[in-house]
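Below is one structure, written out as structure tokens; comments come after it.
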Amino acid sequence: MSQPIITMNKVNKWYGEFHVLRDIELAVSKGERIVVCGPSGSGKSTLIRCINRLEEHQAGSIKVDGIELTDDVKNIEQIRREVGMVFQHFNLFPHLTVLENCCLGPIWVRKMPRAEAEEIAMKYLKRVRIPEQANKYPGQLSGGQQQRVAIARSLCMNPKIMLFDEPTSALDPEMVKEVLDVMIGLAEDSGMTMLCVTHEMGFARSVAHRVIFMDRGQIIEQNDPETFFHSPQNERTKLFLSQILAH
Amino acid sequence: MTAAADADLIPARRPPASETGALGWARHNLFSGWLNTIITIVAAFVAYKVIWGALSYTVFNAVWTGTPQTCQDMLGKGACWLAIQDRYRFILFGPFDYDQQWRGALVIFLFVAMVGLSAIRRFWGKKLIYGWVAALAVVLWLMYGGLGLKVVETSKWGGLPLTLLLAFAGIIFAFPLGIVLALGRRSHMPAIKALCVAYIELIRGVPLISVLFMASVMFPLFLPENITIDKVLRAQVGIILFTAAYTAEAIRGGLQAVPKGQYEAADALGLGYWRKMSLIVLPQALKISIPSIVNNFISTLKDTSLVTIIALYDLLNTSKIAFNEPQWRSFFFDGFVVAGLIFFVFCFSISRISIKIERVLDVGHKRR
Ligand SMILES: Nc1ncnc2c1ncn2[C@@H]1O[C@H](COP(=O)(O)OP(=O)(O)O)[C@@H](O)[C@H]1O
Ligand SMILES: [Mg+2]
């Protein structure tokens, strides 16, 4: 694959005294799709939130799309423009309609005329298969629909990288598939760089180029999905896999 | 559902009669035990006494026609509405030019109309705020004059128009100031935060009366001698500064209630601080804080009566001064009754609107 679009170099982070990320080394190539898994509290969310500076790292360096993440607000905003994020709890703006949610970024950040922004929003709402909900408010939609809107909202910014933080774990079981289907579709026909924290192993198998296992703030093991699932090396990985595959 | 499943369903029945209707309700709520029954009877007796007493004084025993002597005969037993009939123009408008008092009446009408419009859900939104600002401009023109109207100096402003102006202008200007203070108090910049905290806590720690005194007496001491600032304006500034601190705290409560995820989603889109606040956070926070802001406003409306102490002719003051005429002097109490009634009508209406807003916003939350 081509040159890395994200490079993390000896990244360390603490919450107070608590060492949450330890010597993280990670290089993500353009177009690569990575699934991050690991036990709860292992620092998965913190790791991907450092990439768009929702969390600040205290040591090491993170470079995204050629820009080093520092305190410089201009740099941060520039990176955030290129990095989309989908949250566990959707975080749609409840006072705006679905269409307005999607147009907000293009209009105010990309300075696009409203008509053009709406056209793009409709394009992506079609892509996540809910164009007919465009004028509803988020609260009127099901969880699965809300998450698909959240995906569309990120896509409208035409990002180079998409981050997903457990996008299906707050959903009722019958809605997980509709969201995963959208994400698989996105992976297959956009070639976008994706980092996804998830425990959906079927999803990992079908779209990921690489699976990363984290435990206690460290990257313990990483491999292509086939090797990762069939012949895990580390004891903790084995334990974790046996636990999540058991139920 | 299939017909077979329907057949199994127990048809809905009406609840037993004793549980419904006025009788059922009364039995359940008022007479459900001997203690409850006693409380109900005592409460009913007290309510009867109070209401009967109030009605006797203000209606049945009140003097509606006659001479001051008729009032004198009924002193202490019934209200002297005769005095009000004679002096109502002064109570309502104070020393405002007599032939120009229709302007004051228009001001009152304008404020009442705006309060009425504000209660209608269809009008809620940015336009309502513009409407209030426009109304305020018209009010100032009507009060002061110019542009074809005779100029009436602010020293002659008084009565209900002055009270309403001080209160409504107070809240309207305090609103943006309150937003800035609330944002400042939550700022990550220590200097800005400290400044806002100091301001808010200082103002909240002193009574309005002292703020008014400072605005009226001390403020001019700091200014060069040849510059004088209008007394009404000084009181108005005092009220705005005072109300802003409380508005800021109400808005801060709203800001705290906006989930962290909303800030993060806005950040993740690359919206900067101001866009994040104005497009995402404030619209949600203000909605949450509207009921407390309205409640603050009710206090502000009543607190304006304190401007009496810096010798402005607000409604309470005019109600008092109106009874300085020798023949009405004994009936000054009825002036306070009238002023109290007027305050009550305004505060009660606004309180109803506040309850309505609260209810609608709650429902809105459930639907969304
Ligand atoms: N803002 C915070 N302040 C303090 N501790 C935090 C904060 N956010 C997360 N943590 C702690 O850091 C650890 C890693 O959190 P997180 O990255 O959310 O883990 P994961 O996503 O893998 O479940 C957890 O133990 C969590 O309690
Ligand atoms: Mg997490």
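The values are calculated or read from the model by the stated rules, or taken from the named source; none is laboratory data. These numbers were taken from a predicted model, which means no experiment stands behind them. Quick reminder, even Gly has a Cβ in these numbers, built from the backbone with ideal geometry, and neighbours come from all protein chains shown. Each accessible area value is taken on the protein alone, full model and side chains, heavy atoms only, with ligands, DNA and RNA left out. Shrake-Rupley method; radii C 1.70, N 1.55, O 1.52, S 1.80 Å.
Considering only protein heavy atoms and a 1.4 Å probe, what is the carbon-and-sulfur percentage of the accessible area of chain B?
Carbon and sulfur together cover 69 percent of it.
How many angstrom lie between the Cα centre of region B:7-60 and the Cα centre of region B:65-122?
Region B:7-60 and region B:65-122 have Cα centres spaced 38 Å from each other.
Once you put a point 7 Å from the Cα of B:Leu117 and another 7 Å from the Cα of B:Phe31, both along the Cβ direction, what distance in nm separates them?
It works out to 5.1 nm between the two label points.
Looking at chain B, which Cys residues are left with no other cysteine's beta carbon under 4.7 Å from theirs?
B:Cys196, B:Cys347
Tell me which aspartates and glutamates have Cα within less than 12 Å of B:Lys231's Cα, excluding those fewer than 8 residues away on the same chain?
Excluding near neighbours in sequence, the set is B:Glu153.
If you take every DSSP beta bridge whose two residues both sit in the protein assembly as shown, what share of them, in percent to the nearest 5, is antiparallel?
Here the antiparallel bridges make up roughly 50 percent for the protein assembly as shown.
Out of all DSSP beta bridges with both ends in region A:96-247, state the antiparallel percent to the nearest 5.
Here the share of antiparallel DSSP bridges comes out near 50 percent.
For a 23 Å ceiling on Cα separation, which of these pairs sit above it: B:Lys127/B:Lys260; A:Lys10/B:Lys193; A:Lys13/A:Lys44; A:Lys13/B:Lys260; A:Lys126/A:Lys160?
From B:Lys127/B:Lys260; A:Lys10/B:Lys193; A:Lys13/A:Lys44; A:Lys13/B:Lys260; A:Lys126/A:Lys160, over 23 Å: B:Lys127/B:Lys260; A:Lys10/B:Lys193.
Tell me the total accessible area that B and A bury against each other, 1.4 angstrom probe, in square angstrom rounded to 100.
For chain B against chain A, roughly 1900 Å² becomes buried.
Working from the alpha-carbon coordinates of the protein assembly as shown, get Rg over Rh, Rh being the Kirkwood radius.
Details: Rg = 33.5 Å, Rh = 30.0 Å.
Ratio of gyration radius to Kirkwood radius: 1.11.
How long are the semi-axes of the equivalent ellipsoid of region B:80-128, defined as square roots of 5 times the Cα gyration tensor eigenvalues? Whole Å, largest first.
So the three semi-axes of region B:80-128 are 31, 14, 6 Å.
What is the mean number of Cβ atoms from other protein chains located within 10 Å of the Cβ atom of each residue in peptide A:103-111, rounded to a whole number? Intermediate values should be presented prior to the final figure.
Numbers: counts 0, 7, 5, 1, 1, 9, 5, 2, 0.
Across A:103-111, the average partner-chain Cβ count within 10 Å equals 3.
Cα centroids of region A:161-178 and region A:1-45: how far apart, whole angstrom?
After rounding, the separation between the Cα centres reads 20 Å.
When the dipole is taken about the Cα centre of region B:156-300, and only Lys, Arg (+1) and Asp, Glu (-1) are charged at their Cβ, what size is it in debye, to the nearest 20?
Approximately 180 debye in magnitude.
Starting from the residue with the highest accessible area, list B:Asp8, A:Asp172 in decreasing order, probe 1.4 Å.
B:Asp8, A:Asp172
For the protein assembly as shown, with the dipole built from +1 on Lys and Arg beta-carbon atoms and -1 on Asp and Glu ones, taken about the Cα centre, which of A:Thr46, A:Pro159, B:Ala266 lies farthest toward the positive end?
B:Ala266
So which aspartates and glutamates can B:Lys150 reach, going by Cα to Cα under 19 Å and dropping same-chain residues fewer than 8 places off?
B:Asp97, B:Asp99, B:Asp230
Can you flag which of A:Lys111/B:Lys276; A:Lys30/B:Lys276; A:Lys123/B:Lys287; B:Lys126/B:Lys356 are past 24 Å Cα-Cα?
Over 24 Å Cα-Cα: A:Lys30/B:Lys276; A:Lys123/B:Lys287.
Where nothing but the Cβ of Lys and Arg (+1) and of Asp and Glu (-1) is charged, how large is the charge dipole of region B:67-208 around its Cα centre, in debye to the nearest 20?
Computed charge dipole of region B:67-208: roughly 720 debye.
Might you report the magnitude of the Cβ-based charge dipole of chain B about its Cα centre, with Lys and Arg at +1 and Asp and Glu at -1, to the nearest 20 debye? Show your work: numbers first, answer last.
Numbers: 34 positive and 20 negative charges, 190 e Å.
I would put it at about 920 debye.
For a quick check: with amide H placed at 1.01 Å from N, whose amide H comes under 5 Å from A:Arg210's, ignoring anything fewer than 5 positions away on the same chain?
Excluding prolines and chain starts, which carry no amide H, the hits are A:Arg33, A:Val35.
Inverting the mean 1/r over all pairs of different Cα atoms, compute the Kirkwood radius of region A:121-238 and quote it in Å.
15.5
Could you order A:Arg80, A:Arg110 so the one with the most accessible surface comes first? Probe is 1.4 Å.
A:Arg110, A:Arg80
Hey, what did region B:72-361 get for relative contact order, percent, Cα under 8 Å, at least 6 apart?
That works out to 25 percent.
Would you check the accessible area of B:Met277, probe 1.4 Å, heavy atoms only, in square angstrom rounded to 10?
Estimated to the nearest 10 Å², B:Met277 gives 20 Å².
Quick one: order B:Tyr273, B:Tyr57, B:Tyr246, B:Tyr130 from most to least accessible surface, probe 1.4 Å.
Largest accessible area first, the list is B:Tyr130, B:Tyr273, B:Tyr246, B:Tyr57.
Using protein chains only (no ligands, no nucleic acids) and a 1.4 Å probe, work out which residues of region B:222-271 have their accessible area cut by at least 10 Å² relative to the chain alone.
B:Gly261, B:Gln262, B:Glu264, B:Ala265, B:Asp267, B:Ala268, B:Leu269, B:Gly270, B:Leu271
Please list, or write none, the aspartates and glutamates whose alpha carbon is within less than 16 Å of the alpha carbon of B:Lys320, excluding same-chain residues fewer than 8 places away.
In chain and number order, the partners are B:Asp86, B:Asp334.
Starting at the first residue of region A:13-23, write each ³J(HN,Hα) from the Karplus equation 6.51 cos²θ - 1.76 cosθ + 1.60 with θ = phi - 60°, in whole Hz, x for Gly and Pro.
Karplus values, whole Hz, x for Gly and Pro: 8, 10, 9, x, 8, 7, 7, 8, 10, 10, 6.
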